[in-house]
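Notes follow the structure.
The values are calculated or read from the model by the stated rules, or taken from the named source; none is laboratory data. Just so it is clear, the structure is predicted and the values come from calculations on it, not from any experiment. In this analysis, Cβ positions are derived from the backbone assuming ideal geometry, glycine residues included, and neighbour counts consider all displayed protein chains.
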Number of protein chains: 2
Amino acid sequence: MPDPCVDVLVASYLEQDLVERIARSDPRVRVAYAPELLPCPRWPSDHVGVPRELTADEHDRWTSMLHTADVMFDFDWRHPDRTLEQSPNLKWIQATSAGAGQLVEKFGLSSAPLTVTTAAGVHADPLAEFALAGILHFARGLPRLVADRHTRTWRKQETTELAGRHALIVGAGKIGSRTAELLRCFAVTSTGVARTPRPACAPFDATTTTDRIAEHLPTADILVISCALTDATRGLIGPRELDALPRGALVVNLGRGPIIDEDALAEALSTGRVGGAVLDVTTTEPLREDSPLWTADNVLLSPHSAANVPSENGKIVDLFVENLGRYLSGESALINEFDFDAGY
Amino acid sequence: MPDPCVDVLVASYLEQDLVERIARSDPRVRVAYAPELLPCPRWPSDHVGVPRELTADEHDRWTSMLHTADVMFDFDWRHPDRTLEQSPNLKWIQATSAGAGQLVEKFGLSSAPLTVTTAAGVHADPLAEFALAGILHFARGLPRLVADRHTRTWRKQETTELAGRHALIVGAGKIGSRTAELLRCFAVTSTGVARTPRPACAPFDATTTTDRIAEHLPTADILVISCALTDATRGLIGPRELDALPRGALVVNLGRGPIIDEDALAEALSTGRVGGAVLDVTTTEPLREDSPLWTADNVLLSPHSAANVPSENGKIVDLFVENLGRYLSGESALINEFDFDAGY
């Protein structure tokens, strides 16, 4: 008689109550979780953390846990590239990030008989909040207010406003849609850019496809990048595209650094061609030491952690528990299944 | 036969097309506008401006314009306290600010047989945008991001988020309502505080009255002041009220400085009791030179100009033209009539 149970290995730090929520979600679920064998999180939802040296005994325990796993919550932190040999029973990995393309490729899992689901959607709220924080920061002249306080200067002046502007949002997925939704509250219209044609519908006022963005750049007061990094989006925004934006436009990158030509962006920021950049991602991370972005006062730079908020783990576990139910019933497709062909 | 015309004196700077919009609004309207006799605006919607020295001839011209006026767009910039003697025909002043209480009192107009209408509502959008800019600035850790860029530090960490918080909004007028509406987009609930009881309705999740705010302070992650300065609101938020807020709460003042005890606020900011303050107004303006707020890094200080955006004059003129139509027809009450008893 086959074992009716499913062995779930929680392979990154989770708060204890969340581990219990997974364990209690179905009687067939058997959870393995040993935080002492995992990298030490710098904050609760840190899924990278500070690596540990494992003793020989700890190494054996971790190896054994990997060996038994049918399902993993997050990738193995030590040898993700050896996942298939280490975990012969493994059928599904639930990733904790929205963009898993680079990981899957790096770990050589793209041809594996394995399901990978992403955490797409979980980060939409905090990333869209960050986008708005950054857009408002520049649109409402906050850098000058901060500078004036430092010099004890009381200087009234006019600033631009958000209402009435237009945004071009490259990537009409959950992050882009939530950003458009928030912008719409501020009376900012938006055009959503998807890979394939789709009808215009809320929260976007219009939609277009990636190959036609050139037509839309001249009216983009705000350019938001919220798409995955694929062969089609690498270097999508170069000098020509930046030059086509209205003078003083704002550029927001919530996707991946290499989608924007970073040298061209730095140049456009230095001349004021681009008025401000709100970046959660850069081409190399950490940002390379000699990057001119470090000293550009019209850059708001976040070290790829704008999605790190207290509610993150709870939302990923909500998604995982829903997926686990579907996995056990075998009746419906998992949410956020990674598409190895599309790369996201 | 009485003169069917109404003499409208535009007494602060307006763009030429807006002056024409007033002039063309009704054949009975006769507009007097001489920008060369007005203070020089520092930005288009600057209704204070840099005063001019008038020559004897210019003085006479201005005196004559004041003498003829039936209606004024904005107060006389030179001797508003002599309005009644200077302008014997004057029946109505359209103010360009939302809060006219201090002006009316200062100019001794409170017992005048005069209608004053305010520009309440015009500034709701830009002020609410500014409130959100400031709230997001602190909630999403932007001061640290800016500091880290300056020191070339790439330091991932978690920040708080807006979603799921609760705001107490003192002043349920247009500015407070628009702020609540924007906060609601970010999944922030709110309680609106009005002078007199009113049913809870959108954009507020609940309502209460000014005399009961003490009960609501302990759940106010964000306290927004968007009410008028009156005897009932002067010093409304003192040390006790600040101490009742959750630790690290954010305080926003879009109303008037004296509504908050500024020394108590500075003290609460220095201990972290209050996590951040977003101030468009201060007790004395400019902020007094020895104020500890100048050096408080958890203060975002705006020199009472958060409402100054390019669309401002257009919106005030929209309101004025609507009011002018009502004035001429005599059929309906003017919008935003100042209530001399209530003080707003």
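For the stretch B:277-309, which positions are in a helix (DSSP H, G or I), touching a residue at least 12 places away in the same chain (Cβ under 8 Å) and within 10 Å of chain A (Cβ to nearest Cβ)? Talk me through it step by step, then tell me what you get.
From the stretch B:277-309, those in a helix (DSSP H, G or I) are B:292-295; that's our starting set.
Within this subset, residues satisfying the condition of being touching a residue at least 12 places away in the same chain (Cβ under 8 Å) are B:292-293.
Residue satisfying the conditions is B:Leu293 alone.
Of all residues in the stretch A:49-78, count the ones that are loosely packed, with under 14 Cβ neighbours inside 10 Å and of a type in the set (A, V, I, L, M).
Number of matching residues: 2.
Select from the stretch A:169-196 the residues that are in contact (Cβ under 8 Å) with a residue 24 or more places away in the chain, in a strand (DSSP E or B) and crowded, with 24+ Cβ neighbours inside 10 Å and list them in ascending order.
A:Ile169, A:Val170, A:Ser190, A:Val193
In the stretch B:30-65, how many are under 22 Å from B:Leu114 (Cβ atoms) and either within 14 Å of another protein chain (Cβ to nearest Cβ) or in contact with a strand residue (DSSP E or B) (Cβ under 7 Å, 6 or more places away or on another chain) (or both)?
Residues that pass the stated criteria total 7.
Going by the conditions given, is A:Thr191 within 28 Å of B:Leu162 (Cα to Cα), of a type in the set (Val, Ile, Thr) and within 14 Å of chain B (Cβ to nearest Cβ)? Can you show your working first?
Working: within 28 Å of B:Leu162 (Cα to Cα): yes; of a type in the set (Val, Ile, Thr): yes; within 14 Å of chain B (Cβ to nearest Cβ): no.
Considered against the rule, which asks whether it is within 28 Å of B:Leu162 (Cα to Cα), of a type in the set (Val, Ile, Thr) and within 14 Å of chain B (Cβ to nearest Cβ), A:Thr191 comes out as no.
Which residues, counting only those in the stretch B:317-333, are crowded, with 19+ Cβ neighbours inside 10 Å and either farther than 18 Å from B:Arg21 by Cβ or touching a Phe, Trp or Tyr at 6+ places or on another chain (Cβ under 7 Å) (or both)?
Result: B:Phe320, B:Tyr327.
I'm trying to understand the selection: among the residues of the stretch A:195-220, which are aliphatic (A, V, I, L, M) and modelled with pLDDT under 95? Outline the logic, then answer.
So the first thing to find is which residues in the stretch A:195-220 are aliphatic (A, V, I, L, M), and the list is A:200, A:202, A:206, A:213-214, A:217, A:220.
A:Ala200, A:Ala202 - these are the residues of the stretch A:195-220 that are aliphatic (A, V, I, L, M) and modelled with pLDDT under 95.
Inside the stretch B:211-239, can you point out the residues that are of a type in the set (Gly, Ala, Ser), within 15 Å of B:Thr191 (Cβ to Cβ) and surrounded by 17 or more Cβ atoms within 10 Å (Cβ to Cβ)?
B:Ala220, B:Ser226
Looking at the stretch A:65-79 only, could you name the residues that are under 16 Å from A:Phe107 (Cβ atoms) and part of a helix (DSSP H, G or I)?
Across the stretch A:65-79, the qualifying residue is only A:Leu66.
Against the definition (among the β-branched types (Val, Ile, Thr), over 19 Å from B:Arg212 (Cβ atoms) and either within 14 Å of chain A (Cβ to nearest Cβ) or in contact (Cβ under 8 Å) with a residue 40 or more places away in the chain (or both)), how does B:Val274 come out, yes or no?
On the way: among the β-branched types (Val, Ile, Thr): yes; over 19 Å from B:Arg212 (Cβ atoms): yes; either within 14 Å of chain A (Cβ to nearest Cβ) or in contact (Cβ under 8 Å) with a residue 40 or more places away in the chain (or both): no.
So B:Val274 fails the test.
When the stretch A:294-342 is examined, which residues are found to be of a type in the set (S, T, N, Q), closer than 22 Å to A:Leu142 by Cβ and in contact with a Leu (Cβ under 8 Å, 6 or more places away or on another chain)?
Matches in the stretch A:294-342: A:Asn298, A:Ser302.
Listed residues A:Gly121, A:Gly108; which is part of a loop (DSSP other than H, G, I, E, B), in contact with a Lys or Arg (Cβ under 8 Å, 6 or more places away or on another chain) and surrounded by fewer than 22 Cβ atoms within 10 Å (Cβ to Cβ)? It would help to see each step written out before you state the result.
On the way: A:Gly108 fails: in contact with a Lys or Arg (Cβ under 8 Å, 6 or more places away or on another chain).
Answer to the check: A:Gly121.
Tell me which residues, restricted to the stretch A:124-152, are crowded, with 22+ Cβ neighbours inside 10 Å and either more than 10 Å from chain B (Cβ to nearest Cβ) or over 27 Å from B:Gly314 (Cβ atoms) (or both).
A:Ala124, A:Asp125, A:Pro126, A:Leu127, A:Ala128, A:Glu129, A:Phe130, A:Ala131, A:Ala133, A:Gly134 - these are the residues of the stretch A:124-152 that are crowded, with 22+ Cβ neighbours inside 10 Å and either more than 10 Å from chain B (Cβ to nearest Cβ) or over 27 Å from B:Gly314 (Cβ atoms) (or both).
Looking at B:Arg165, B:Arg178, B:Arg155, B:Arg184, can you tell me which residue is more than 7 Å from every other protein chain (Cβ to nearest Cβ), among the charged types (D, E, K, R) and farther than 18 Å from B:Ala124 by Cα? Spell out the reasoning first.
Details: B:Arg178 fails: farther than 18 Å from B:Ala124 by Cα; B:Arg155 fails: more than 7 Å from every other protein chain (Cβ to nearest Cβ); B:Arg184 fails: farther than 18 Å from B:Ala124 by Cα.
Every option except B:Arg165 fails the conditions.
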